[in-house]
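As structure tokens, the structure follows; a few thoughts come after it.
Values quoted throughout were computed directly from the atomic coordinates according to the rules given, and no laboratory measurement underlies them. Keep in mind it's a predicted model, so treat the numbers as computed, not measured. Cβ: placed from backbone, ideal geometry, glycine included. Neighbour counts: every protein chain shown.
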Amino acid sequence: MDLSIILPVYNEEENIPKLHSKITNVLTKLNKSYEIIYVDDGSKDSSFEILSEMAKADKRVKIVQFRKNFGQTAAISAGIEYSQGDILILMDADGQNDPEDISRLLEKIDEGYDVVSGWRKNRQDKLITRKIPSVLANKLISMVTGVHLHDYGCTLKAYKRDIIKDIKLYGEMHRFIPVYAAWWGGAKISEIVVTHHPRRYGKTKYGLSRTIKVILDLWTLKFLGSYGTKPIYTFGGFGILLCFSGIMISAVVIFQKYAYGVWVHRNPLLLLSVFLFILGVQLGMLGLLAEIIIRTYYESQNKSTYLLKKIINLERG
Ligand code: UDP
Ligand code: MG
């Protein structure tokens, strides 16, 4: 199978039929074997019935139905897990992404990229609640992760299968798949401008609150990516810093006592130094706990702390 198109669906009954015929048109022209996987994320409208009809008519249409709404990221994970194509293309099921862009994504993949990201340069969403936070978030993500993309939030992206098949996604993390791919898979990433349409029917499932989730996800990702196998470096590092500040400040307290006769118990700095010292020790201890947890995590599941590309003249021992 050459291609898997994966679409998360949550209450998109009015949007699906039109989008589906567009996708089918585009794919027929491409002359590749393909499947279209719709993941019904617990829709409460007739989305599932519509999808089932489509699947009856065409065996290349596949459906994964969730028991309840688990969120877009979970839907995308399921789609990836059940897919078989060599190249995976994710897109929204609300018709905001344009299937016409699929062929251009594939051209880039053929040039040798592992991930090709869509960029909704002319985005058709609300300015204040969506576009401005998105620009800022994208800048922040690019800066923190070192993977420079203009539009992490755009679902329309193409991936080579081997780069994302083992990926585990949590929270709102589907937007960080390119980062995973780059950090853990050494992926080559490219970007193209894609068309974006306003939403015709139904309404967006997200608002400003998602920005906060995205920032927290980024925080987690950065930690796991940089220090996931050595948490004591982060916790212990801060801990030592705090203990050291505590000791320095207590030195000032002692100095002030002998030089200026300031009573130690009347010096607010004493409180600060004790506070910092205790906090530092606690952080160090927390780091040790995190070390134990992370070891259990890797060793109990026989997980490796590295990923191989190839081995030559060797077998797995
Ligand atoms: N979606 C989903 N589960 C959810 C929320 C959204 O599967 O809990 C799907 C939704 O049906 C759409 C895509 O994810 O296909 C993007 O959602 P939406 O259009 O609401 O987001 P926006 O484009 O406004 O960022
Ligand atoms: Mg949308």
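Per q in 0.28, 0.34 Å⁻¹, report the Debye log10 I(q)/I(0) for the range 219-258, using one uniform scatterer on each alpha carbon and no solvent. Log10 of I(q)/I(0), two decimals: -0.85, -0.98. Summarising the strand pairing of the chain, around 30 percent of its internal DSSP beta bridges are antiparallel.
Considering only alpha-carbon pairs that sit under 8 angstrom and 6 or more positions apart, the relative contact order computed for the range 157-278 is 19 percent. For the chain, the longest principal axis of the Cα atoms and the long axis of helix 132-145 meet at an angle of about 70 degrees. Every helix of 4 or more DSSP H residues in the chain counts as -39500 (n - 2.57), and over all residues that averages to -16000 deg cm²/dmol at 222 nm. Between L271 and E315, the simple label model (points 7 Å from Cα in the Cβ direction) yields a spacing of 7.0 nm.
Amide H to amide H distances under 5 Å link V262 with K257, where only residues 5 or more positions off or on other chains count and H is placed in the peptide plane. Using the Cβ-Cβ distance between A259 and Q282 with R0 = 45 Å, the FRET efficiency computed as 1/(1 + (r/R0)^6) comes to roughly 0.90. The mean of 1/r over all distinct Cα pairs in the range 66-187, once inverted, gives the Kirkwood hydrodynamic radius of 15.1 Å. Each residue, E53 and Y201, gets one label point 7 Å from its Cα in the Cβ direction; the gap between the two is 1.0 nm. In vacuo Debye scattering of the range 149-286, one point per C-alpha: log10 I(q)/I(0) at q = 0.12 Å⁻¹? Debye curve over Cα of the range 149-286, log10 I(q)/I(0) at q = 0.12 Å⁻¹: -0.71.
Taking a sphere under 13 Å around the Cβ of K108 and counting the other residues whose Cβ falls inside, with K and R at +1 and D and E at -1, yields a net charge of -2. If a paramagnetic tag sat 7 Å from the Cα of E299 along the Cα-Cβ line, which residues of the range 204-240 would have the backbone N under 18 Å from that point? Backbone N within reach: 228-233. For the chain, the average shadow cast by the Cα convex hull is 22.9 nm², which is a quarter of the hull's surface.
For the range 216-317, the set of trypsin sites (Lys or Arg not before Pro) satisfying both a DSSP loop assignment and a count of at most 11 other C-beta atoms within 10 Å is given as K303, K309, K310, R316. Please state the shape class of the range 56-135: rounded when a/c is under 1.5, otherwise prolate if a/b exceeds b/c and oblate if not, all from the C-alpha gyration tensor. Since a/c reaches 1.5 but b/c is at least a/b, the shape of the range 56-135 is classed as oblate.
Each Cα pair under 8 Å and six or more residues apart adds its separation to the average, and for the chain the resulting relative contact order is 17 percent.
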